[in-house]
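Written below as structure tokens is the structure these notes are about.
The values are calculated or read from the model by the stated rules, or taken from the named source; none is laboratory data. Since we're looking at a predicted model, the values are computed, not measured. Every residue, glycine as well, gets a Cβ built from its backbone with ideal geometry; the counts of neighbours run over all protein chains shown.
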Amino acid sequence: MSNAPQTPTAAQGIVIEEPLLFELGSPGRKGYSLSQSPHPGTEINHLLPPDEIREEIEGMPELSELDVVRHFTRLSQWNFSVDANFYPLGSCTMKYNPKLNEDMVRLSGFAEHHPHTPETKSQGSLQLMFELQEFLKEISGMDHVTLQPAAGAQGEMTGILLIHAYLLSKGNPRKKILMPDSAHGTNPASSALCGYHVVQIPSNDQGLIDPAQIDRLMDEDTAAIMLTNPNTLGMFEQDILKITEIVHKRGGLVYGDGANLNALMGITRIGDMGIDLLHFNLHKTFSTPHGGGGPGAGPVGAKKIFEPFLPTPVIEKFEGGFRINRDRPQSIGKVKNFFGNFGMLVRAYTYIRSLGPGGIRRISEMAVLNANYIKAELKDHFHLPYPGPSLHEVVFNDREQLKSDVKTTDIAKTLIDFGYHPPTIYFPLIVKGALMIEPTESESKETLDQFIATMKTIAGLARSEPGEFARRPLKSKVSRPDEAAAARKPKLRWTTS
Ligand SMILES: *Cc1c(COP(=O)(O)O)cnc(C)c1O
């Protein structure tokens, strides 16, 4: 690593060994100290019946407050986050989440607002949700938006249920859904979950959908086509108008996966391309936390024809303010409790309001510029399987590095040694050994330059010291876990045995 650039960001310094909480502490140590109550009769055995009072739990760790705080603070420092460093995870849009969003969602009027509060006392929250729907409609060119779904994948399921409900109301829900071979895995999963058979569309040699394929595959049994634009290679589907026209002429519908909306905002509108339904990933495009599996939000935009079927409740504006409409006999029902993940809606609303229309457009311009800068700087060092024009992300592969037996995984793991989160790898599936880089608009030119220099260093090391790569990362807590075993047989419980 002698020729590694001096990055202040590289993971280095002390490596803290951290035992489990169960291995810390000592018998009798407590996390609290309460003085004796001056009021007689307030001891626990006066307040609760004996069978409600818990005995000691065998094997529970006994710790001080400081033991617990240090334990979790140390563990938190092993995490990689966008607040700490560059996170070019392609397709996931790991942009910076402004702290203003957090200030707004903590306002007590929002944070302490119970979802069962009567409508008349919920006007502020209802107005926020209504206006967020309006903003998303304007950005996407859709006629309606439901804010309920909790993630992109759940938005997809909601969209397919809407397609099913609409086609059923016309007499035949049909059986199949078409999707390109570059689709995100959630697309076929959502379709199958709703009972549809998935038909794959092969991409052409430029990585795009050929309308001739749609013409060949689209039949009376096909309910819809599901596509991502720009697609998962970051490339704009040039023939989108021809594609949506063919599908509509044969009675089908078009679902748009909106995960890549960061490339288009304020420049073009998905709804104007003949797309009938679209999900927004608020945790990607609209700067809400991705949450480590926690709450996200995947609102769905829909054209007029889907209005009767939208999930309940629907938030409406009337002369007296805002109201919740639950009387919707044709609705597909609820897809999430109450109004969805409300905290995410407040954050996304704040983000949109703080940027305004010009700022929203600027996001996409900068996201595309940043990705193309990386593409231009690295194209002589890493192979570009689809060299055509691309937007907010760029997909390289390991063809050059394989000559010295260095694979995509090895390149990704080496980035960890340099202090970067690896890009998305081995996706989309149509690219062998894919390395998918999405810098987002958040990053400065200095950060991009440093990352580019690191990638060039890695390309150099792959030629000069290829043998080292199989052991990398060398500086992280854990180097090469068995990822398949970790996913298939996770150990989720601590046991004394
Ligand atoms: C992230 C993503 C999804 C799924 O969205 P979640 O919010 O993670 O459920 C679907 N399609 C594409 C292209 C994505 O990048």
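Number of residues in the range 413-442 that are more than 18 Å from the chain's Cα centre (by Cα) and assigned to a loop (DSSP other than H, G, I, E, B) equals 8. Screening Ser91, Ser64 for residues that are of a type in the set (Gly, Ala, Ser) and more than 16 Å from the ligand (Cβ to nearest atom) leaves exactly one candidate, Ser64. Restricting attention to the range 335-386, the residues that are assigned to a loop (DSSP other than H, G, I, E, B) and either under 30 Å from Leu161 (Cβ atoms) or in contact with a Phe, Trp or Tyr (Cβ under 7 Å, 6 or more places away or on another chain) (or both) add up to 7. Within the bounds of the range 258-269, is there any residue that is under 14 Å from Ile139 (Cβ atoms), within 11 Å of the ligand (Cβ to nearest atom), among the aliphatic types (A, V, I, L, M) and touching a strand residue (DSSP E or B) at 6+ places or on another chain (Cβ under 9 Å)? Yes, that holds for at least one residue. Scanning the range 67-88 for residues that are assigned to a loop (DSSP other than H, G, I, E, B) and without any contact (Cβ under 8 Å) to a residue 12 or more places away in the chain, we see that the one that is farthest from the ligand (Cβ to nearest atom) is Ala84.
For the range 127-145, which residues satisfy the criterion of being under 21 Å from the mean Cα position of the chain (by Cα), closer than 19 Å to Glu316 by Cα and assigned to a helix (DSSP H, G or I)? The answer is Met129, Leu132, Gln133, Phe135, Leu136, Lys137. In the condition set (1) modelled with pLDDT under 95; (2) of a type in the set (A, V, I, L, M); (3) surrounded by 12 or more Cβ atoms within 10 Å (Cβ to Cβ), Met94 is compliant with all but (1).
So that you can scan it fast, the table gives a plain yes or no per residue for (1) within 20 Å of Asn79 (Cα to Cα); (2) touching a residue at least 60 places away in the same chain (Cβ under 8 Å); (3) touching a Ser or Thr at 6+ places or on another chain (Cβ under 8 Å):
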{"position": "Ser390", "(1), (2), (3)": "no, yes, no"}
{"position": "Asp398", "(1), (2), (3)": "no, no, yes"}
{"position": "Lys403", "(1), (2), (3)": "no, no, no"}
{"position": "Ala412", "(1), (2), (3)": "yes, no, no"}
{"position": "Asp417", "(1), (2), (3)": "yes, yes, yes"}
{"position": "Ile425", "(1), (2), (3)": "yes, no, yes"}
{"position": "Val431", "(1), (2), (3)": "no, yes, no"}
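Of all residues in the range 363-395, those satisfying the criterion of being more than 18 Å from Ala263 (Cβ to Cβ) and touching a strand residue (DSSP E or B) at 6+ places or on another chain (Cβ under 6 Å) are Phe382, His383, Pro385. All conditions in (1) crowded, with 22+ Cβ neighbours inside 10 Å; (2) touching a Phe, Trp or Tyr at 6+ places or on another chain (Cβ under 7 Å) hold for Ile305, with the sole exception of (1). Buried (at least 20 other Cβ atoms within 10 Å of the Cβ), in a loop (DSSP other than H, G, I, E, B) and out of contact with any Phe, Trp or Tyr (no Cβ under 9 Å at 6 or more places or on another chain) - does that describe any residue in the range 387-396? Within the range 387-396, one or more residues are buried (at least 20 other Cβ atoms within 10 Å of the Cβ), in a loop (DSSP other than H, G, I, E, B) and out of contact with any Phe, Trp or Tyr (no Cβ under 9 Å at 6 or more places or on another chain).
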